[in-house]
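Just below is one structure, and these are the notes that go with it.
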Amino acid sequence: MKKILIAEDEEILRMLIADTLEDGDFEVDEAEDGEEALKLLEKKQFDLVILDYMMPGLTGLDVIRKIRGEQALNKEVKILMLSAKGQQNEQEEVLKAGADYFMVKPFSPLQLFEKVGKIVDEA
C-alpha cells in the first residue's frame, strides 16, 4: 500500500483529499501545516507528499527545501505542490526547489486521484 502525506491548512480541503485517496487504497497521513508535515516525515517514509503552497508558518516551498536539503528526510519522496496561484514563474520556482509535480487549485477529486495514481505508479 502506497503511503501519502497531505499537508494542507484548510481542513475541509485536506479531508476531501484524504477521503478521495483513501478510496483508492492509499495509506494517508495528514498535517495541518508545514512544521507538522516535517515532523511526520522524520518518523515515517512516504511515497508521495502533497503540499499546499500557502500555509501558515512554513510554506509548501519551505517544506520542499527542507525535504530536499536535509539528510534525515527522504530525498527520494515524490512531491506534488497544490496552489491557487498558477503563474508560470511560481510553478518554475516550485519545480526548481525540488517538487516533482504542480497542480493548480481548484481541481476535481477525480483529477487529483488520476494524478496521484500516475505519480505513485512511477515511483
task = Check region 60-82 and report whether any residue there is farther than 20 Å from residue 119 by Cα and open to solvent by less than 40 Å² (accessible area, probe 1.4 Å).
result = no
When region 1-27 is checked residue by residue, the ones that are in a helix (DSSP H, G or I) and closer than 14 Å to residue 109 by Cβ are 12, 13, 14, 15, 16, 17, 18, 19, 20, 21, 22
Counted residues in region 47-59 being open to solvent by 10 Å² or more (accessible area, probe 1.4 Å) and touching a Lys or Arg at 6+ places or on another chain (Cβ under 9 Å) come to 4
Looking across region 20-38 at residues that are modelled with pLDDT of 95 or more and open to solvent by 40 Å² or more (accessible area, probe 1.4 Å), the single one that is farthest from residue 67 (Cα to Cα) is 27
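Residues being outside any helix (DSSP H, G or I) and either closer than 15 Å to residue 8 by Cβ or under 12 Å from the mean Cα position of the chain (by Cα) (or both): count how many of those fall in region 46-84. Full working, then the answer.
The initial filter retains those residues of region 46-84 that are outside any helix (DSSP H, G or I), namely 46-59, 70-84.
Imposing the further condition that a residue be either closer than 15 Å to residue 8 by Cβ or under 12 Å from the mean Cα position of the chain (by Cα) (or both) reduces the set to 46-59, 77-84.
Of the residues in that region, 22 qualify.
For residue 108, indicate whether it is among the polar types (S, T, N, Q) and touching an Asp or Glu at 6+ places or on another chain (Cβ under 8 Å). Lay out the reasoning, then the answer.
Working: among the polar types (S, T, N, Q): yes; touching an Asp or Glu at 6+ places or on another chain (Cβ under 8 Å): no.
Criteria not met by residue 108.
Among the residues of region 90-123 satisfying the criterion of being of a type in the set (Phe, Trp, Tyr) and more than 21 Å from residue 68 (Cα to Cα), which is most open to solvent (accessible area, probe 1.4 Å)?
The qualifying residue most open to solvent (accessible area, probe 1.4 Å) is 113.
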Given the conditions (1) farther than 18 Å from residue 119 by Cα; (2) touching a Leu at 6+ places or on another chain (Cβ under 7 Å); (3) of a type outside the set (D, E, K, R), every one holds for residue 50 apart from (1)
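Residue check: is residue 9 modelled with pLDDT under 95, on the phi < 0 side of the Ramachandran plot and open to solvent by 40 Å² or more (accessible area, probe 1.4 Å)? It would help to see each step written out before you state the result.
Details: modelled with pLDDT under 95: no; on the phi < 0 side of the Ramachandran plot: yes; open to solvent by 40 Å² or more (accessible area, probe 1.4 Å): yes.
For residue 9, the condition - modelled with pLDDT under 95, on the phi < 0 side of the Ramachandran plot and open to solvent by 40 Å² or more (accessible area, probe 1.4 Å) - is not met.
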By residue number, the members of region 39-87 that are within 15 Å of residue 17 (Cβ to Cβ) and at pLDDT below 90 are 84
Listed by first then second residue, the pairs whose first member lies in region 33-45 and is touching a residue at least 24 places away in the same chain (Cβ under 8 Å) and in a loop (DSSP other than H, G, I, E, B), whose partner is buried (at least 17 other Cβ atoms within 10 Å of the Cβ) and among the small types (Gly, Ala, Ser), with beta carbons under 8 Å and at least 6 positions apart or on separate chains, are 33/7
For region 92-106, pairs from a residue that is touching a residue at least 24 places away in the same chain (Cβ under 8 Å) to a residue that is open to solvent by less than 20 Å² (accessible area, probe 1.4 Å) and part of a helix (DSSP H, G or I), with Cβ under 6 Å and 6 or more apart or across chains, are 97/61; 97/64; 98/64; 99/64
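The values are calculated or read from the model by the stated rules, or taken from the named source; none is laboratory data. These figures come from a predicted structure and were not determined experimentally. Note: ideal-geometry Cβ built from the backbone for every residue, glycine included; neighbour counts use all protein chains shown. Heavy atoms of the whole protein, side chains included, go into the accessibility calculation; ligands, DNA and RNA do not. Shrake-Rupley method; radii C 1.70, N 1.55, O 1.52, S 1.80 Å.
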